[in-house]
1. Going by the structure shown, is Pro441 surrounded by 15 or more Cβ atoms within 10 Å (Cβ to Cβ), at pLDDT 90 or above and not in a strand (DSSP E or B)?
2. For the subset of region 324-348 comprising residues that are out of contact with any Asp or Glu (no Cβ under 9 Å at 6 or more places or on another chain) and touching a residue at least 12 places away in the same chain (Cβ under 8 Å), which member is nearest to the ligand (Cβ to nearest atom)?
3. Among all residue pairs at least 6 apart or on different chains, which show Cβ distances below 6 Å where the first residue, located in region 239-268, is closer than 24 Å to Val175 by Cα and part of a loop (DSSP other than H, G, I, E, B) and the second is within 16 Å of the ligand (Cβ to nearest atom) and among the charged types (D, E, K, R)?
4. Considering every residue within region 93-101, establish whether at least one is modelled with pLDDT of 95 or more, in contact with a Gly (Cβ under 7 Å, 6 or more places away or on another chain) and either assigned to a loop (DSSP other than H, G, I, E, B) or away from the ligand (no atom under 16 Å from the Cβ) (or both).
5. Go through the residues of region 445-456 one by one and say whether even a single one is among the small types (Gly, Ala, Ser), more than 25 Å from Arg57 (Cα to Cα) and crowded, with 17+ Cβ neighbours inside 10 Å.
6. So, of the residues in region 250-287 that are polar (S, T, N, Q) and within 21 Å of Gln449 (Cβ to Cβ), which turns out to be nearest to the ligand (Cβ to nearest atom)?
7. State yes or no: is Ile197 within 27 Å of Asp294 (Cβ to Cβ), in contact (Cβ under 8 Å) with a residue 60 or more places away in the chain and more than 16 Å from the ligand (Cβ to nearest atom)?
8. Of (1) part of a strand (DSSP E or B); (2) surrounded by fewer than 24 Cβ atoms within 10 Å (Cβ to Cβ); (3) over 24 Å from the mean Cα position of the chain (by Cα), Ser384 satisfies all except one. Which?
Amino acid sequence: MRAQKRTVWSISVAALLLAAWTAEGQPARQVDDAALKNAGKTGTEWITYGLNYNENRFSPLRQIDATNVSRLGLSWSYEVGPGGGGQEATPLVWNGTLYGITNWSIVFAVDARTGKEKWRWDPEINQPAVRPKICCGIVNRGLALYEGMILAPVNDGRLEALNAETGKPVWEARVAYPQEGYTVTMAPRVVKGKVIIGVAGGEFPVRGFFDAYDAKTGQRAWRFYTVPGDPSKPFESDAMRKAAATWENDYWKLGGGATVWDGIAYDPDADLIYVGTGNAGPWPEDIRKQKGKDNLYVCSVLAVKPDTGKLEWYFQMVPGDSWDFDSVQQLLLADLTIKGRARKVIMQANKNGFYYVLDRVTGEFISGQPFAEVTWAKGLDEKSGRPIVNQEAHYDSTSKVSVAPGPGGAHNWSPMSFNPSTGLVYIPIASTGGFAYQSDPNFNPKPGQMNMGIVFGFPGFGGPAPAPVPTRTAPPAIGPNPPAGQRGGALVAWDPVTQQEKWRRPGGGSIGGGTVTTAGNLVFQVIPDGRLVAYSADKGDKLLDVQTGLRGGMGPPVTYELDGKQYVSILGGTGPIVNPFGGGGNRGGNRGGANAPAPGTTGEATNRGGTNQAANDNQAEDAPAFPNPSNAVRPKLLTFVLDGKEPLPVSQPADAPKP
Ligand code: CA
C-alpha cells in the first residue's frame, strides 16, 4: 500500500515538473553527463548525434503518426551556405535552437521555430591548401553539445569548442594535420567530460587513431592508435604490442590505415566507449605485403574505457582486409532477447554486407547474416564470427575479380534506426552488384597522396584509368535475392533477433540520407535523390513521398518538438563541387562518403543465379553523380511540420564557385 502511494506521488511530481518545464517554453537545461545519459527520452530535443548514447535514432514523439504524416509540409527553410560537397550532418536541437554544420566545417545556429539565424562561425580553412588532402568529400557529419558549448570538427584537423549562445570560440585543439593526410569529418561525442573524436583519411598513408579531450580545457586526455607504429620505437600500449604481431615487413611506412570516421557509442553501465575502424592502407594485402596476416585493428570494433583509453575487447570483422571494408558504420546498442536469453548487444550493418550482433560487455560474437548481396565471403563462422572468405575474392595485379559489396559498401555512413516497438532496424542499403578489384601493377608509394594501391576506373569522368576487366569468374552470391526492380538502393527493415529481412522498399543507398523511426509507428527516410519518404514502421506501407527539390547531397532526418509542435528537419543540396580529377563536370554529393572515391561505376557485372545483373542498377535512384554545375542546388536546411504551407525549393542554381 505504501509503495503504491509513493509511486503515485512520484508520477505526480514528475508530471508537475514536466508541465512546468514545457509551460515555461523550455528553459535552458544544461547538457551535462546526466542529460546525455537521458538523451532522447522525451524526444523534444536532439542533443547528441545518434539521439542517445545507444545511437538508435528512435524518437518517442507521436504527434506525427501513421494516420496524419501525409499532411506534412514545409514550415521553414534556411540556406546553409554555398556548398562544395554533400550535407552529411545530423543537426542538433537544444534550448529552442537548431545547430548544424555544413561544407568546410561552417557551423550555424538558427531558431528551431522559425529558421531565423542566430549565429554562424566559419573556421576559415585554407581551402586551396587543404582541398587536395581531403580524400573523400568536403563533408562533416555533425556536432556535439556539452555544458553550453558546441563541439565542432574542422576538416583541416582542428576540434573547436564554441559558445552555444554566441558562436564565439572557447577553445581549440589540434587533432591532426592535413599536411599528414588526415582530415576530421565525424561528429564528436562527449562521455564523462571528455570529447571523443577520430580522424579520416584512410586512403592516404596515415596511421589511424581516436582521441579524448577534456571538454573544459581542450587538453588531450589520451590517444588510442588503431594500428602499430614504427617497431623500432616503444609500443604505446599492450594493445599495440599485440597488434604488431599481426603485421610484417615495413607496414608502418605507409601508415597502416584503420581511421576512425563515423560510428561511436557509449554504454554507461559497462562504462565502455565503442568505435569502428576503417580499412587497411593500401587496400590490397599483396601491396601491403601482408598476405595471410590479420593486421589488427583494421576493420574492427574496439571497446575502450573512457577514463584511460585502455582496450577492453575488440572484434575484427575483416581480418587482412583487401576490399576497403571500413567497419566504421553506426554502432547501435540495444537490449534484446535472443534464444530466450536477455542480451546487451552492439550491432552494425557493415560495409561488407553482414549484419553483426555482438555482446557489448564481452565482445562475444552472437550472430551475423548478409543483409545485402555478398560474394566476398561464404558466411561467418558460427562460433567466432570470422568470415569464411571466398578464395576467388582475393586479387592481385594480374588476377582481377568483381566482388560484392564494393568499396561504397552495402551500408555506409547513412544512419539506420532501431524501433523497440517493432523490433526492427531500418537500414538504407545499396547492392552495388560488384566492383572490379585489381592491384595496381605500377604501384609506387607517394608521400602525401592517396595510396590505395588499386586500379580505379572512372569511365566518363576524366579519371586516371579504365575500369579493370575481371579475369576470373565472380564468386557465388549469398544474401537476400530481391526480385528484379527491387535491386540496388533500398530501405531494409531487418529483424536483428532472427537476422532476417522483414520488408524491403526500393529507394535509398548506402551513402546519402538515412532514417529516423518514431513512436508514431513511422520510419522517415531521406533518399539520396532528394526525397523525404515515410513508411509505417511495422508493415512498410508508404505514407509520404516528397521531392524536396534539393536533388542530392542529402543528410539524415531528425525530429524534435517545440511549443507543442513536432518537426522533422533535414539538410541537403551540394552547390557546385570541384571535380577531384580536374575534368569537366561536377561531383554529386551522394557519393561523397569518406571512403567513396567515386567507385561503384565500373559497369562490371556480377553473376548471380545464372543472370548477369548490371553493376550500377542502383544509380538510377541515387541522384546523378556529376550534375551539371549550373543546376546544382544551393544547400538548405528544411524543416517540416503538419500542415506546413511554405513552398519547397525548386532547382535554384547555386553560386558560382569562388576562384
Ligand atoms: Ca576507406
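1. Working: surrounded by 15 or more Cβ atoms within 10 Å (Cβ to Cβ): no; at pLDDT 90 or above: yes; not in a strand (DSSP E or B): yes.
No: the conditions fail for Pro441.
2. Taking region 324-348 first, the residues out of contact with any Asp or Glu (no Cβ under 9 Å at 6 or more places or on another chain) are 325, 334-341, 347-348.
Narrowing further to those that are touching a residue at least 12 places away in the same chain (Cβ under 8 Å): 325, 334, 336-338, 347-348.
On the way: Phe325: 8, Ala334: 27, Leu336: 30, Thr337: 35, Ile338: 31, Met347: 21, Gln348: 15 Å.
By that ranking, first place goes to Phe325.
3. Gly255/Arg207; Gly256/Arg207
4. Checked against the condition, which is being modelled with pLDDT of 95 or more, in contact with a Gly (Cβ under 7 Å, 6 or more places away or on another chain) and either assigned to a loop (DSSP other than H, G, I, E, B) or away from the ligand (no atom under 16 Å from the Cβ) (or both), region 93-101 yields at least one hit.
5. So far as region 445-456 goes, yes, one or more of its residues are among the small types (Gly, Ala, Ser), more than 25 Å from Arg57 (Cα to Cα) and crowded, with 17+ Cβ neighbours inside 10 Å.
6. Asn279
7. Judged against the criteria, Ile197 is not a match.
8. Every condition holds for Ser384 apart from (1).
The values are calculated or read from the model by the stated rules, or taken from the named source; none is laboratory data. These figures come from a predicted structure and were not determined experimentally. Counting neighbours? That spans all protein chains shown, and the Cβs are built from the backbone with ideal geometry, glycine included.
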